[in-house]
1. How many residues does region 143-181 contain that are surrounded by fewer than 16 Cβ atoms within 10 Å (Cβ to Cβ), farther than 14 Å from Leu93 by Cβ and in contact with a helix residue (DSSP H, G or I) (Cβ under 7 Å, 6 or more places away or on another chain)?
2. Within the group Ala151, Ala146, which residue is part of a helix (DSSP H, G or I), under 18 Å from the mean Cα position of the chain (by Cα) and more than 23 Å from Ala14 (Cα to Cα)?
3. Restricting attention to region 22-46, which residues are in contact (Cβ under 8 Å) with a residue 40 or more places away in the chain and under 21 Å from Met162 (Cα atoms)?
4. State all residues of region 21-71 that are acidic (Asp, Glu) and within 20 Å of Phe89 (Cβ to Cβ); if no residue qualifies, say none.
5. How many of the residues making up region 49-89 are acidic (Asp, Glu) and touching a His at 6+ places or on another chain (Cβ under 8 Å)?
6. Identify all residues within region 123-143 that are over 14 Å from the mean Cα position of the chain (by Cα), among the charged types (D, E, K, R) and either on the phi > 0 side of the Ramachandran plot or modelled with pLDDT of 95 or more (or both); write none if there are none.
7. Just to be sure, is Ala92 touching a helix residue (DSSP H, G or I) at 6+ places or on another chain (Cβ under 8 Å) and farther than 30 Å from Asp51 by Cβ?
8. Starting from region 98-122, keep only residues that are under 14 Å from Tyr60 (Cα atoms), then list their pairs with residues that are among the β-branched types (Val, Ile, Thr) and part of a helix (DSSP H, G or I) whose Cβ atoms are within a distance under 6 Å, requiring at least 6 positions of separation or different chains.
Amino acid sequence: MELSPKAHEILDVAEDMARRGGYGGFSFRDIADAVGIKSASVHYHFKTKPDLGVALVERYTDRFIDGLGDPADPDTPAEHKVRAYIAAFRTALHDEGLMCLCGIFGAESAGLPEAVAKKSREFFTRNCAWLETALEGHDAHTSEAARRQAALLLIARLEGAMLMARSLGDLSVFDTIAEAD
């Protein structure tokens, strides 16, 4: 579905609010005020908050995965792919001051509308698959199960590093955790 420029502007504002305060950290009225439109105009583009949440997570996931590049690129060593993956999280936290949208929504998943929770799970599924593919060329003797475990551990480490850095108010904590072996 093709979105209008105004719908993208609404999603931009909603994403920023959600990455700072979670699913409960924004309302249609908050978004409308920030965009400079009436709340009814937000509803015109996204009938309900769950509809907005689904669109938000889909767009975020697609942008995140697309920004990483091709995990099967034979010209890029696995170590460079993993560094790029870590850098995506670091940039969000250090340069933008934002948490991972799906990390926040994942923590809130028990209280999210099911459609939003499902899309948030898909973010992690796609990230895990990207990392597993990226790690395939690293060591020909590494099993599929070992690549999956490495992918899950890296995702958990980075999401946790973001959470700890934000909680402690110290961005260097992210680097300490992300770079740990």
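1. 2
2. Exactly one residue qualifies, and that residue is Ala151.
3. First, the residues of region 22-46 that are in contact (Cβ under 8 Å) with a residue 40 or more places away in the chain: 22-24, 45.
Once the filter is applied, which keeps residues that are in contact (Cβ under 8 Å) with a residue 40 or more places away in the chain and under 21 Å from Met162 (Cα atoms), region 22-46 yields Gly22, Tyr23, Gly24.
4. Glu58, Asp62, Asp66, Asp70, listed by residue number.
5. Summing the residues that are acidic (Asp, Glu) and touching a His at 6+ places or on another chain (Cβ under 8 Å) in region 49-89 gives 1.
6. Glu132, the sole residue that qualifies.
7. So Ala92 fails the test.
8. Val116/Val54; Lys119/Val54; Lys119/Val57; Ser120/Val57
The values are calculated or read from the model by the stated rules, or taken from the named source; none is laboratory data. Because the structure is a prediction, the values reported are computed rather than measured. In this analysis, Cβ positions are derived from the backbone assuming ideal geometry, glycine residues included, and neighbour counts consider all displayed protein chains.
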